[in-house]
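Structure record follows, encoded as structure tokens.
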Amino acid sequence: MQNQIKEIPDTHLSALVVPRFLNYVRYWTESDHHIEATPSSPGQWDLARALVTELRGLGLSAVDLTDHCYVIARLPPSAGCESRPAVGFLAHLDTAADVSGKDVKAQLVHHYDGEKITLSGGLVLDPVTDTGLAAQKGKAIIHTDGTTLLGADDKAGIAEIMGALEWLLAHPEITHGPVEIIFSPDEETGKGLPEFPLGQIKSLACYTLDGGPVGELEVECFNAWEIKAAFKGRSIHPGYARGIMANAITMAASFAQMLPRSESPEATDGYYGYYNALEIKGTADECSLTLYIRDFEKTGIERRLKALDSFARAVEAQFPGGKVVLESKAQYYNMKEKIDARPEVLAILQKAAANLGIDSYLKPIRGGTDGSRLTELGIPTPNIFTGGRNWHSRIEWAAVSDMVMACRLVIELIRLWGEAS
Ligand SMILES: [Zn+2]
């Protein structure tokens, strides 16, 4: 029997996804990890409210916006499918602070000619070094103008979920169980779903749309810790400092030098973890350094925590009178173990991909998603590709055919969950 979802014309789905995406990226939703409140930036409210209006406009009545900017919408089950398990789809509202997300001017190229694309500021999208881009020759892509990031991370995910919803609402002949849609703030701050309204969520499984090229599925992510190192120096007039002063700036620099370069983000890939110095500020009297450590194994995290402690003691030994205090906290955990305990969640995803002819493959996420945290909270949540590339950068771009396929995959997944018991 033909799979009806596979047969939906690409043009039909791209008309549901691309204009939405081009609209969403215009909202300035950059998050700020310095801000404790959720959401950390006001623009996220603007996009959340626009999505609530749009969801209601599609005819959904159960649409909520929580006090902390989570959009929750419910697609009611088809008649006779009320007792099917509920399934959820998530994407995040914010964009990373690495590069500005203000005044994004997305450039839609209908037929990419396969040549270099020069952006403002002399930046180049080069198909020679970016083989993913070369593969888009003859197809549609969306890139930045070079002054901002694009925000495909994760507005591509939002657009794909919204497109799938609109299609399903127009095709009641495709029966399905209850579906929950969650658009979350502040994913990029690494706080891990702060203020998440878990009590309102009924889904037995969720999927984030927050991944890369078509086919890429993710059930494994880093364990992630944030460490704040406080360096307390001993200050005194520099003219009389000999043998007395402990300079907090020099102490922090000495500590940063001890981080093994072979275990830095720029020196590692695959399953290798790292130390990543993120921010430094202070004076000769007091200085603070924030860093992240990442590893797929808990033992790798423990090893690095111990190493950081010994670096701190070494700095104290080098700078008599100075003190180093480390504060560490977990941000999120590798979700693999808990997803493995519910194998049907990945199996349905892989079946949906296979039904659509997608060559799917599993890849470890060198980062985390809201799904990492949600999995820890008890709802297994694999991650699905969105078609975005080069996230958090001015050379971010997205493949329209991948975006269309992600939208199609959401529809097929919802259909398959409607058959599950
Ligand atoms: Zn993301």
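The values are calculated or read from the model by the stated rules, or taken from the named source; none is laboratory data. All figures in this text were calculated on a predicted structure; none of them were measured in a lab. Every residue, glycine as well, gets a Cβ built from its backbone with ideal geometry; the counts of neighbours run over all protein chains shown. Note: accessible area is taken over every heavy atom of the protein model, side chains too, but ligands, DNA and RNA are not part of it. Shrake-Rupley method; radii C 1.70, N 1.55, O 1.52, S 1.80 Å.
In a residue-by-residue description of segment 213-220, the property of being within 16 Å of the ligand (Cβ to nearest atom), assigned to a loop (DSSP other than H, G, I, E, B) and at positive phi applies to no position.
Residues of segment 377-400 include none that is open to solvent by less than 10 Å² (accessible area, probe 1.4 Å) and in a helix (DSSP H, G or I).
Within segment 86-130, the set of residues being more than 16 Å from the ligand (Cβ to nearest atom) and closer than 27 Å to His68 by Cα comprises Ala86, Val87, Gly88, Ser100, Lys102, Asp103. Every residue in segment 131-187 that is open to solvent by 10 Å² or more (accessible area, probe 1.4 Å), out of contact with any helix residue (DSSP H, G or I) (no Cβ under 6 Å at 6 or more places or on another chain) and within 16 Å of the ligand (Cβ to nearest atom), please. Of everything in segment 131-187, just one residue is open to solvent by 10 Å² or more (accessible area, probe 1.4 Å), out of contact with any helix residue (DSSP H, G or I) (no Cβ under 6 Å at 6 or more places or on another chain) and within 16 Å of the ligand (Cβ to nearest atom), namely Asp153.
Matching residues to (1) in a loop (DSSP other than H, G, I, E, B); (2) open to solvent by 40 Å² or more (accessible area, probe 1.4 Å):
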{"position": "His12", "(1), (2)": "no, yes"}
{"position": "Pro19", "(1), (2)": "no, yes"}
{"position": "Asn23", "(1), (2)": "no, yes"}
{"position": "Tyr27", "(1), (2)": "yes, yes"}
{"position": "His33", "(1), (2)": "yes, yes"}
{"position": "Val52", "(1), (2)": "no, no"}
{"position": "Ser83", "(1), (2)": "yes, yes"}
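Give all pairs with beta carbons closer than 6 Å in which a residue from segment 360-379 that is away from the ligand (no atom under 16 Å from the Cβ) meets a residue that is part of a loop (DSSP other than H, G, I, E, B) and open to solvent by 20 Å² or more (accessible area, probe 1.4 Å); count only pairs at least 6 apart in sequence or on separate chains. As it stands, the answer is Glu376/Tyr333, since those pairs meet every condition given.
Filter segment 258-276 for residues that are closer than 17 Å to Val325 by Cα and surrounded by fewer than 17 Cβ atoms within 10 Å (Cβ to Cβ) and give the result. First the steps, then the outcome.
Just the residues of segment 258-276 that are closer than 17 Å to Val325 by Cα, to begin with: 258-259.
Scanning segment 258-276 gives a single hit, Met258.
Selection of segment 358-376 for residues being modelled with pLDDT of 95 or more, open to solvent by 60 Å² or more (accessible area, probe 1.4 Å) and assigned to a loop (DSSP other than H, G, I, E, B) yields only Asp359.
Sub-8 Å Cβ pairs linking a first residue in segment 308-322 that is loosely packed, with under 14 Cβ neighbours inside 10 Å to a second residue that is outside any loop (DSSP other than H, G, I, E, B) and among the hydroxyl-bearing types (Ser, Thr, Tyr), at least 6 apart or interchain, are Gln318/Ser254, ordered by first then second residue.
Of all residues in segment 236-257 being polar (S, T, N, Q) and in contact (Cβ under 8 Å) with a residue 40 or more places away in the chain, which is most open to solvent (accessible area, probe 1.4 Å)?
Quick first cut of segment 236-257, residues polar (S, T, N, Q) only: 247, 250, 254, 257.
Cutting the leftovers down to in contact (Cβ under 8 Å) with a residue 40 or more places away in the chain gives us 247, 250, 254.
Values: Asn247: 40, Thr250: 66, Ser254: 22 Å².
Out of the qualifying residues, it is Thr250.
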